[in-house]
Amino acid sequence: MIRRRQVNNDIEEKILTGLIVSDKVCRDTLKLIRKDTFINPYSHTIARWVADYYRKYKKAPAKHIQDLYNTEKNKLKEEE
């Protein structure tokens, strides 16, 4: 029997929002994030984009998150 697992995305969404908009959250949190930190695999993808941006510019992407998506979307698999 296959059971569908109920996932509450609220916490993941709040973490991602913090990472996207806050330099402090990036500085304090990115070092703690691992591959299995998020239940939703798309959350990890976004966190990776933010981490790459933060390493390069030493700040959160904020409004540039859309630019990151536009740059990376061609690398995503169709189901992503």
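A compact table of results
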{"item": "Gain in span if fully extended, residue 39 to residue 23, counting 0.36 nm per residue against the direct Cα distance", "result": "3.4 nm"}
{"item": "Gain in span if fully extended, residue 71 to residue 56, counting 0.36 nm per residue against the direct Cα distance", "result": "3.9 nm"}
{"item": "Whether segment 25-72 is rounded, prolate or oblate, judged on the alpha carbon gyration tensor where a/c under 1.5 counts as rounded", "result": "oblate"}
{"item": "Within straight-line cross-link reach of residue 35, aspartates and glutamates at Cα separation under 18 Å, skipping those fewer than 8 residues along the same chain", "result": "12, 13, 52, 80"}
{"item": "Shape call, the chain: gyration tensor on alpha carbons, a/c limit 1.5", "result": "oblate"}
{"item": "Per residue accessible area in Å² of the chain, where ligands, DNA and RNA are left out and the probe is 1.4 Å", "result": "83 Å²"}
{"item": "Accessible-area composition of the chain, carbon plus sulfur, in percent [1.4 Å probe]", "result": "51 percent"}
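The values are calculated or read from the model by the stated rules, or taken from the named source; none is laboratory data. What you see is a predicted model; the values in this text were computed from it and never measured. In case anyone asks, the SASA skips ligands and DNA or RNA and just uses the protein heavy atoms, side chains included. Shrake-Rupley method; radii C 1.70, N 1.55, O 1.52, S 1.80 Å.
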